[in-house]
Amino acid sequence: MDLYEHQGKELFARFGIPVSEGRLALTPQAARAAAEELGGQVVVKAQVLTGGRGKAGGVKLAESPDDAEAKANDILGLDIRGHVVEKLWLERASEIAKEYYLSITFDRGAKRPLLMFTTQGGIEIEEVAANNPDALVRLHADPLEGFQPWLARRLVYGGGVEDPGEQKQIAAIVERLYRCFVECDAMLCEINPLIVTPDGEVRALDAKVTVDDSALYRHPDIAEFRDTKAADPLESLAREKGVTYVKLDGSVGILGNGAGLSMSTVDVVVVAGGTPANFCDLGGGGSAEGVVDALEVITRDPQVRAIFFNIFGGITRCDEVARGILEALRRIEISVPIVVRLDGTNAEEGRRLLTEAAPPNLHVAPTMLDAARKAVELAA
Ligand code: GDP
Ligand code: MN
């Protein structure tokens, strides 16, 4: 889950990383009020889940509450890389002498957190990595040892920071950011720019934080940040119902049991010349309840023209799943055709149940490829 800048900064502040004082605003009037409260020069910042806001005109300085209202008016509704601005963050403007960069990501290849620092901040880090790779200090931390002060010193000296005051402040920020990264189960904590003011004060001017979705259950306070309005409505419905669902762009709705089989089902639909409308994993059970919930989510997508039900019975018994499907069809009305492929434990029994009940619009196919072809044909 990606956090908005203001949410990332809220986390940073909890860990003692210096950020500017600010306020949220949803309207130009609220922006004016926020600017009045903050006093002096403020910066008005679009809150969207994408970078490059500065370049796109989503970050503007304002000299007065009047000006803040005008700038808010300009920024609200702006389309930044496909994200429409509905929320603003206003903070007391900082004077900038230098712009640095600091981040911690999870390096899956190395199985370690990767710390990166450069004094060439403010621009996108990919640019620094491509044009000036020597300026970028990269360092892995050992997750078992945890944070060690030498890590921060290596970053700061390696990056060529000479001022002792800056060195000390940045080292402290590295340590706090590492704690934030680990304690929040983050996948990314990025500060770009990490600024130095003309008075020599170091502060996070931006915050980009991604938290591991699978760890959100341990962080109810962070899970609360989730913006249900910005999320896909179908994915929100699926989450409510406990269905594992990812919306895709095609016309064949997919339901499998187990993540591996569901992914293969996505592939085989493509092989058969179709386009998958979603990934949906029924999980282990195959109870009527689970089938109803999953079908409810899938059929809510108007792009779905046919559904491919792909079940391999291991512990799950195919006759159970067949009963689940029939029960689901009694409980909800489904207008699109369904193709079912059952294999594994009690597959014959399952197929027999479906063939005998013979609900309209339900097709039983012998193999996965046959089923995919049939579903693709029906969706065309
Ligand atoms: P991004 O473009 O989405 O990464 O948004 P940032 O929050 O990084 O802001 C972009 C740029 O706006 C920064 O690199 C700064 O140059 C500038 N900026 C942001 N906040 C301030 C501020 O308080 N004062 C000044 N002078 N410039 C700012
Ligand atoms: Mn930035």
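So which GluC sites (Glu not before Pro) in the range 264-334 pass both tests, a DSSP loop state and at most 12 other Cβ atoms within 10 Å of the Cβ?
The qualifying sites are Glu333.
Per the 1.4 Å probe, what fraction of the accessible area of the chain, in percent, lies on carbon and sulfur atoms?
Percent of accessible area from carbon and sulfur atoms in the chain: 50.
Among Asn361, Asn257, Asn310, which one shows the highest mean-square fluctuation when the chain is modelled as a Gaussian network with alpha-carbon springs under 10 Å?
In this elastic network of the chain, the residue with the biggest mean-square fluctuation among Asn361, Asn257, Asn310 is Asn361.
Can you give the extra length, in nm with one decimal, that the chain gains between Glu348 and Leu369 once fully stretched, where that is 0.36 nm per residue apart less the Cα-Cα distance?
My answer for the length gained is 5.8 nm.
Hey, which lysines would be in cross-link range of Lys241, C-alpha to C-alpha under 19 Å, not counting anything within fewer than 8 residues on its own chain?
List returned: Lys229.
Just from its helices, what would the mean residue ellipticity at 222 nm be for the chain, if runs of 4 or more DSSP H residues each count -39500 (n - 2.57) and the sum is divided by every residue, rounded to the nearest 500 deg cm²/dmol?
-11500 deg cm²/dmol
Ignoring ligands, DNA and RNA, what accessible area per residue does the chain give at 1.4 Å, in Å²?
Per residue, the chain has an accessible area of 47 Å².
Which trypsin sites (Lys or Arg not before Pro) does the range 36-135 hold that lie in a coil by DSSP with at most 13 other beta carbons within 10 Å?
Lys55, Arg81, Arg108, Lys111
Between the DSSP loop rule and a limit of at most 16 other Cβ atoms within 10 Å, which GluC sites (Glu not before Pro) in the range 98-174 are left?
Glu124, Glu145, Glu162
Where is the GNM fluctuation largest for the chain (alpha-carbon springs, 10 angstrom cutoff): Leu139, Leu329, Leu24?
Looking only at Leu139, Leu329, Leu24, the largest GNM fluctuation is found for Leu329.
Relative to the Cα centre, what is the charge dipole magnitude of the range 98-223, using +1 at the beta carbon of each Lys and Arg, -1 at the beta carbon of each Asp and Glu, and rounding to the nearest 20 debye?
That gives a dipole near 360 debye.
Quick one: Karplus J couplings for the range 191-207, per residue in order, coefficients 6.51, -1.76, 1.60, θ = phi - 60°, nearest Hz, x for Gly and Pro?
10, 8, x, 9, 9, 10, 7, x, 7, x, 8, 9, 8, 7, 9, 9, 9
Could you give the dipole magnitude of the chain about its Cα centre, charging the beta-carbon of Lys and Arg +1 and that of Asp and Glu -1, in debye to the nearest 20?
The calculation lands at about 640 debye.
Which links in Lys55/Lys247; Lys111/Lys208; Lys55/Lys98; Lys55/Lys87 stretch past 26 Å when you go from one Cα to the other?
Cα-Cα > 26 Å for Lys55/Lys247; rest within.
Work from the charge dipole of the chain (Cβ charges, +1 for Lys and Arg, -1 for Asp and Glu, about the Cα centre) and give the residue of Ala135, Pro276, Leu102 farthest towards its positive end.
So the residue furthest toward the plus end is Pro276.
Using a 1.4 Å probe on the protein heavy atoms only, what accessible surface does Val59 show? Give it in Å² to the nearest 10.
Around 50 Å² of this residue is reachable by solvent.
Please arrange Thr345, Thr118 by accessible surface area, largest first, computed with a 1.4 Å probe and ligands excluded.
Thr345, Thr118
Pick out the long, greasy-scoring helices in the chain: whole DSSP H runs spanning 27 Å or more along their own axis by Cα, mean Kyte-Doolittle at least -0.5.
Taking the DSSP H segments of the chain (at least 27 Å long, mean hydropathy at least -0.5), we get 164-183.
The values are calculated or read from the model by the stated rules, or taken from the named source; none is laboratory data. Computed from a predicted model, the values in this text were never measured in an experiment. Quick reminder, even Gly has a Cβ in these numbers, built from the backbone with ideal geometry, and neighbours come from all protein chains shown. Heads up: the accessible areas ignore ligands, DNA and RNA and are worked out on the full protein's heavy atoms, side chains in. Shrake-Rupley method; radii C 1.70, N 1.55, O 1.52, S 1.80 Å.
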